[in-house]
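Single-structure report; data block below.
The values are calculated or read from the model by the stated rules, or taken from the named source; none is laboratory data. Because the structure is a prediction, the values reported are computed rather than measured. Ideal geometry is used to build each Cβ from the backbone, glycine not excepted, and the neighbour counts take in all protein chains shown.
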């Protein structure tokens, strides 16, 4: 057993650049017991081959993560204080814990299979491609709003509002509420590092979701939320907790990944200015460049919690039944045993089987949408602002707290 209790995951220096520590762990103890900021001790998996196998191993259960209590929350909010609650009675709204923990990312088959099938029709290649004109329009409107300005925070003005407006329109919830939603989301995904702000943010988010469901139930439309409500009310294939929890997942996951993909990718290009110029001159590189952004500085740092349902071996280490496991995607994607020159940003990297969107049955359903939004965002941004530059030194940008997501707090640029 390899212990690693000396790293302070909340240290801004670690959050700014965790890669040296992960590289050392891959060499000296790629599967190790580590204490998280919440106080919970988990197994961290840091090598690519181990990570890929663990992500697809049915013996590592999402649903069983309920059993390890308040420090985990088997949902996209690690270290939440909300304990999973019993299924609420039909005539009562679901509790905050249920809203956070009854979605497809927190379940195993057969529930996972059923829940994923209910929303997968909205994320087919044909339906995603049909969104292109609207995504292009939103992108152009956001860039129009920057006209005449000398500087801006690109996260606040572009990387955040683009995907949140897309997912809000897809679901049928008001994009006008995005500032409040962003505040709640930032606190929730930071988990235990948010301190006493976490519980109020969870309750506010849950109240918002339940209110949106009530409004759409009274006045249904052609949006995804109305469709999910119809499934709940007419065919009874979704419980009330599953419905609200699915909305929570789609809202959070539907924008957070793309915000970080656009923000991190732009920061990488501007940090190495020749890469910006190369991509601007050769747009045929855009698809492989986006895959390289996902690998090199991906938008998701770790998987959500899994729990071993039986004793098993990962990377030569025995993980006991009941032990929680976290896969470090950011580390796996820098494993030089899988990626030649893994610490180099190579926009033309053709063999790039990264794990940024996961692997196995929980592979991100919205990955095609995130890729489309990123392609449009980078292309339009380069067209409109070819001289874009960082307004601060690259090392001075602030990274968001928390272990789950990997993204910038802000990206000051000169237009």
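Residue-level check: of (1) more than 27 Å from residue 184 (Cα to Cα); (2) touching a helix residue (DSSP H, G or I) at 6+ places or on another chain (Cβ under 7 Å), residue 277 misses just (2). Across the stretch 105-153, the number of residues qualifying as touching a helix residue (DSSP H, G or I) at 6+ places or on another chain (Cβ under 8 Å), over 30 Å from residue 307 (Cβ atoms) and in a helix (DSSP H, G or I) comes to 14. Screening 198, 170 for residues that are in contact with a helix residue (DSSP H, G or I) (Cβ under 7 Å, 6 or more places away or on another chain), surrounded by 20 or more Cβ atoms within 10 Å (Cβ to Cβ) and closer than 12 Å to residue 251 by Cβ leaves exactly one candidate, 170.
Taking the listed residues 57, 50, the one that is surrounded by 18 or more Cβ atoms within 10 Å (Cβ to Cβ), at pLDDT 50 or above and under 21 Å from residue 310 (Cβ atoms) is 50, with no other qualifying. Between 264, 186, the distinction of being touching a helix residue (DSSP H, G or I) at 6+ places or on another chain (Cβ under 9 Å), surrounded by 14 or more Cβ atoms within 10 Å (Cβ to Cβ) and at pLDDT 90 or above belongs to 264 only. Restricting attention to the stretch 183-198, the residues being at positive phi and within 14 Å of the chain's Cα centre (by Cα) number 1. Check whether at least one residue in the stretch 245-258 is free of Cβ contacts under 8 Å to residues at least 60 places away in the same chain and under 20 Å from residue 100 (Cα atoms), and report yes or no. There is no residue in the stretch 245-258 that is free of Cβ contacts under 8 Å to residues at least 60 places away in the same chain and under 20 Å from residue 100 (Cα atoms). Quick one: would you say residue 357 is in contact with a strand residue (DSSP E or B) (Cβ under 9 Å, 6 or more places away or on another chain), buried (at least 20 other Cβ atoms within 10 Å of the Cβ) and over 21 Å from residue 138 (Cβ atoms)? So residue 357 fits the description; yes.
Filtered by the rule that a residue be crowded, with 17+ Cβ neighbours inside 10 Å, touching a strand residue (DSSP E or B) at 6+ places or on another chain (Cβ under 8 Å) and farther than 25 Å from residue 170 by Cβ, the stretch 386-409 gives 388, 390, 391, 397, 399, 403. When 284, 289 are checked against the criterion of being at pLDDT 95 or above and buried (at least 24 other Cβ atoms within 10 Å of the Cβ), a single residue qualifies: 289.
Could you check the stretch 223-251 and list, in sequence order, the residues that are modelled with pLDDT of 90 or more and part of a loop (DSSP other than H, G, I, E, B)? Selection gives 223 alone.
For the stretch 23-46, a residue qualifies if it is over 17 Å from residue 307 (Cβ atoms), surrounded by fewer than 23 Cβ atoms within 10 Å (Cβ to Cβ) and under 21 Å from the mean Cα position of the chain (by Cα), and exactly one does: 37.
If the condition is being in contact (Cβ under 8 Å) with a residue 60 or more places away in the chain and assigned to a loop (DSSP other than H, G, I, E, B), then the stretch 314-338 contributes 315, 316, 322, 323, 333, 334, 335, 337, 338.
Pairing residues of the stretch 105-128 that are free of Cβ contacts under 8 Å to residues at least 24 places away in the same chain and on the phi < 0 side of the Ramachandran plot with residues that are assigned to a helix (DSSP H, G or I) and loosely packed, with under 13 Cβ neighbours inside 10 Å, at Cβ distances under 9 Å and at least 6 apart in sequence or on separate chains, gives 127/121. For the stretch 302-313, filtered to residues that are buried (at least 22 other Cβ atoms within 10 Å of the Cβ) and not in a strand (DSSP E or B), the residue that is modelled with the lowest pLDDT is 305. The condition of being modelled with pLDDT of 95 or more, within 18 Å of the chain's Cα centre (by Cα) and part of a loop (DSSP other than H, G, I, E, B) holds for residue 357.
Please verify whether residue 365 is under 15 Å from the mean Cα position of the chain (by Cα) and either farther than 27 Å from residue 279 by Cα or surrounded by fewer than 18 Cβ atoms within 10 Å (Cβ to Cβ) (or both), treating the condition exactly as stated.
Yes.
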